[in-house]
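What follows is a single structure, written as structure tokens, with notes after it.
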Amino acid sequence: MINCDLGMSKPFDIEIGRLTGPANYSEVRGVVTGQRGTFFLETFGCQMNDHDSEKVAGLLLSRGYQQVETPEAASMILYNTCSIREKAAQKVFSRLGEYREKQSAGKVIGVLGCVAQQEGEDIFRRAPWVSLVCGSASYSKLPEMLARLEAGNSRVTGLDTDTDETFETPVTRRDNPWRAYLTIIEGCDKACSYCVVPFTRGPERSRASDSILREVQQLAERGYSEVQLLGQTVNSYADPTTRKMRFSELLLAVADVQGIRRVRFTTSHPSDFTRDIVEAIEREPKVCDHVHLPVQSGSAKVLRAMQRTYSREEYLEKIAMIREAKRPIGITTDIIVGFPGETEADFEETLSLLVEVQYDSMFSFKYSPRPNTPSLSMSDSISEEEKGRRLAILQDKQREIQAAKHAGLLGEGFEVLVSGKSRRENQWTGYTTSHRMINFTSQERELLGTYVQVQVTGATPNGLVGEHAV
Ligand code: SAM
Ligand code: SF4
């Protein structure tokens, strides 16, 4: 699911021969790795940012750069940023401060992503040692920008948002060898009053269905078995080709690709969540039984002020439609507390919605006023302390719900995709199709990337524990 917890760049361990992209990697095989220098790429933010970084890394590799694991070893340091909440944006300048010394050693420093889009050329004023500023809506222009840097330009920017193009790279350098992210829709045309995304990622643009399916085919051929379709409002997908594939048809078409065992999608917008998506999940077991459906608030008044385009009742109707599915579907959500004007009674409504829906998990945030957003002009009347209090109450409630749900799963068996191995012997981690994490024991020597059956033997509010059922 798209979550906005800050994350650090991940280790990379994918062989060059497994890189994938809309074009065939062989087209760029003549390139000598490292001939243009080395890069270090650090990423903050959501899965869309993670995946953008995978594409940026692929692009750089295809141009002859080599990826390295430390800023010290790099000739170019790139920082892919997040500005969804103020804290995340503040981190950027403190990190750039740390990079300052490194620039004196002759390194190129570049800021990518949402903060780049939001702050624009002002970044050069605040951090004059930066030489590249590129917003996420301009990534398709990165090759041109890199060429200008290579030609000796000391300051290069890419800040347009008025592009129809989605960011398709000749190759993508994925961090996870089994689960592949694939952006199918960029930007956002919704106008939630608190959100910077429409400003930082530009208008909604959908990728052609044939190009998506070609890449899925390649992924399957390279051994990826799980595909996660990404978009800020993934289910608003509008195929730009004459085929005019609906989102639900695309889910089924991706599932139909030989070798694909799981298809995930995130994030779904409640207003565009239609019955045919539930039918696709019912019909095709490879389409994962998990829907991330952010509600943001349980109060009709707050939802209106947030410009969320649905009421509490309409949202609950969508939940009822999902709950009526022929197989159980896990539901997760995002919630903001302390939005301007949120009263204690509004907050109580959010708590009652939590109890009514019984979410499988939740990401929750304190409202953070952001530049360019309509809610910035509403008085941010709720103190940080009060926001913190409401957040803690909300999280306690959700913990209770999860604890009860997880306890009800004791003794059940699930198929998991094994995605982690603990340092402790015989301990593994995997995800069920409904995206529940299970830590389990197995005597097997190598399980990573395989699908195994696990029986649940213990439960905590945050997860499940189990044993490999052989
Ligand atoms: N497109 C998704 C949707 O419609 O729900 C969400 C995208 S956003 C990257 C992820 C989450 O960040 C949102 O669902 C919201 O809960 C949270 N968020 C966005 N703007 C925020 C703000 N100004 N303050 C606090 N949380 C915010
Ligand atoms: Fe932001 Fe709303 Fe678009 Fe989600 S739907 S990205 S919250 S504007």
Magnitude of the charge dipole, region 311-359, Cβ model with Lys/Arg +1 and Asp/Glu -1, debye to 20: 500 debye
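Can you tell me the alpha carbon radius of gyration of region 404-470 divided by the globular rule-of-thumb value 2.2 N^0.38 Å?
Values: Rg = 10.7 Å, N = 67, 2.2 N^0.38 = 10.9 Å.
My calculation over the Cα atoms of region 404-470 gives 0.99.
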Phi to ³J(HN,Hα) by Karplus 6.51 cos²θ - 1.76 cosθ + 1.60 over region 76-84, Hz, x for Gly, Pro: 9, 10, 10, 10, 8, 10, 10, 10, 4
The chain: calculated mean residue ellipticity at 222 nm from DSSP helix runs of at least 4, using -39500 (n - 2.57): -9500 deg cm²/dmol
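Placing unit charges on C-beta atoms (Lys and Arg positive, Asp and Glu negative, everything else neutral), compute the dipole magnitude of region 282-401 about its Cα centre in debye, rounded to 20.
360 debye
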Neighbour-limited loop hits for GluC sites (Glu not before Pro), region 31-132 (at most 16 other Cβ within 10 Å; DSSP other than H, G, I, E, B): Glu69, Glu121
Kirkwood hydrodynamic radius over Cα pairs of region 374-425, then Stokes diffusion coefficient at 10 °C and 1.306 mPa s, in µm²/s: 103 µm²/s
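Across region 262-383, how large is the tail of the calculated P(r) beyond 20 Å, expressed as a percent of all Cα pairs? Kindly include the intermediate steps, with their values, before the conclusion.
Working: 3302 of 7381 pairs.
Of all Cα-Cα pairs in region 262-383, 45 percent lie more than 20 Å apart.
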Cα Rg, Dmax, the chain, angstrom units: 22.3, 64
Cα centroid separation, region 173-217 to region 303-366 (Å): 24 Å
Packing-based exposure ordering (other Cβ within 10 Å, fewest first) of Val196, Val257: Val257, Val196
Among beta bridges that DSSP assigns inside the chain, antiparallel share in %, nearest 5: 35 percent
Long pairs among Lys107/Lys141; Lys190/Lys387; Lys190/Lys326; Lys301/Lys405; Lys87/Lys141; Lys318/Lys405, criterion Cα-Cα beyond 23 Å: Lys190/Lys387; Lys190/Lys326; Lys301/Lys405; Lys87/Lys141
Region 174-329: relative contact order in percent, alpha carbon pairs under 8 Å with at least 6 residues between: 21 percent
Where trypsin sites (Lys or Arg not before Pro) fall in DSSP loop in region 117-200, at most 12 other Cβ within 10 Å: none
Within region 310-355, trypsin sites (Lys or Arg not before Pro) in DSSP loop having at most 10 other beta-carbon neighbours inside 10 Å: Lys326
Cα gyration tensor of region 158-230 - equivalent ellipsoid semi-axes, whole Å, descending: 27, 13, 11
Dipole magnitude of the chain about its Cα centre (Cβ charges: Lys, Arg +1; Asp, Glu -1), debye to nearest 20: 740 debye
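Just so you know, all these numbers are worked out from the coordinates, no wet-lab data involved. In this text the structure is predicted, and so the values were computed from the model without any measurement. So basically every Cβ, Gly included, is an ideal-geometry build from the backbone, and we count neighbours across all protein chains shown.
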